[in-house]
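The values are calculated or read from the model by the stated rules, or taken from the named source; none is laboratory data. Remember, it's a predicted structure, so these values are computed and weren't measured experimentally. FYI the Cβ positions are ideal-geometry reconstructions off the backbone, even for glycines, and counts take in every protein chain you see. In case anyone asks, the SASA skips ligands and DNA or RNA and just uses the protein heavy atoms, side chains included. Shrake-Rupley method; radii C 1.70, N 1.55, O 1.52, S 1.80 Å.
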Amino acid sequence: METAQLLQDLTPAQLQAVTHRDGPMLVVAGAGSGKTRVVTRRLAWLISQGIWPEQILAMTFTNKAAREMRERVESLTGHQMRNLGTFHGLCARFLRCDIEKGNSGLNRNFVIYDDSEQLAVLKSCVAELELASFSIPLKQVASIISDSKNNLCSVADCISKLGFCPHAEIFERICKRYEAKMRQLNAVDFDDLLYLTVLLLQQNPALLEIYQNRLRYLLIDEYQDTNHAQYIILKKLAEPHGNICVVGDDSQSIYG
């Protein structure tokens, strides 16, 4: 599609958002404001300006939204956007390529455990530690592990936020055994995909620089739903060039 056609039927505010080239930009888009149109037209416009699709990283929160965006951009430009997907999906792909460059002890053939598999590992940890008699609430332990990874803080800090916790020391022992066991299994949980990506970028400045040079333009949809780990990933990737566009609306947050 010609550049002029990409810019048709846009309001002045939408046109400004679509054609912003370099530097940071915040787009606040409420329901029914044409947000998806702006996001996809912006991606298509960047490509029309000579930006190679591989240099653009576009992240959203659901596979459905990512698929719709990918299809729209391809219909507008004829190009497939390989770096357009969910946070977790793209981080999983990055880890498949580079996880062995960090010190996680995992290799690129790691398996991703779902919630039920994670609980099964926790249950085995409780048995190994001979703690079954304490009736440990495993879903609460899983929640603590998730919070610690998404907020990049220690398990002890997450437990302390619960207030009085009679099983605090036991929870910590289970969490420590859980992480060791997951590494033995060459397995990660869903939250590891973000957490391990942060660690990899922090531990390997040379690799971070490669990603920063490769991904020159960042676009984040539903930005109001990002957690701390996601924010750190974006901050690190955008640091040298600042070419980051975030689109969101606090009133539409689903994770608040």
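Out of LEU152, LEU196, one residue alone is buried (at least 18 other Cβ atoms within 10 Å of the Cβ) and either more than 26 Å from GLU100 (Cα to Cα) or at pLDDT 95 or above (or both). It is LEU196.
Taken together, GLN14, GLN5, GLN49 contain a single residue that is at pLDDT 90 or above and either under 22 Å from the mean Cα position of the chain (by Cα) or farther than 29 Å from ASN227 by Cβ (or both), which is GLN49.
When we screen ILE159, ILE170, ILE174 for residues that are at pLDDT 95 or above and open to solvent by less than 40 Å² (accessible area, probe 1.4 Å), the only hit is ILE174. Annotation for the stretch 124-133: no member residue is closer than 29 Å to MET59 by Cβ and in contact with a helix residue (DSSP H, G or I) (Cβ under 9 Å, 6 or more places away or on another chain).
Within the stretch 123-142, restricting attention to residues that are polar (S, T, N, Q) and either part of a loop (DSSP other than H, G, I, E, B) or modelled with pLDDT under 95 (or both), which residue is nearest to ASP191 (Cα to Cα)? Filtering first and then ranking leaves GLN140. Which one of these is hydroxyl-bearing (Ser, Thr, Tyr), in contact (Cβ under 8 Å) with a residue 60 or more places away in the chain and within 26 Å of TYR217 (Cα to Cα): THR62, THR86, THR77? From the options THR62, THR86, THR77, the qualifying one is THR77. Quick one: in the stretch 71-89, which of the residues that are among the small types (Gly, Ala, Ser) and in a helix (DSSP H, G or I) is surrounded by the most Cβ atoms within 10 Å (Cβ to Cβ)? Here the residue is GLY89.
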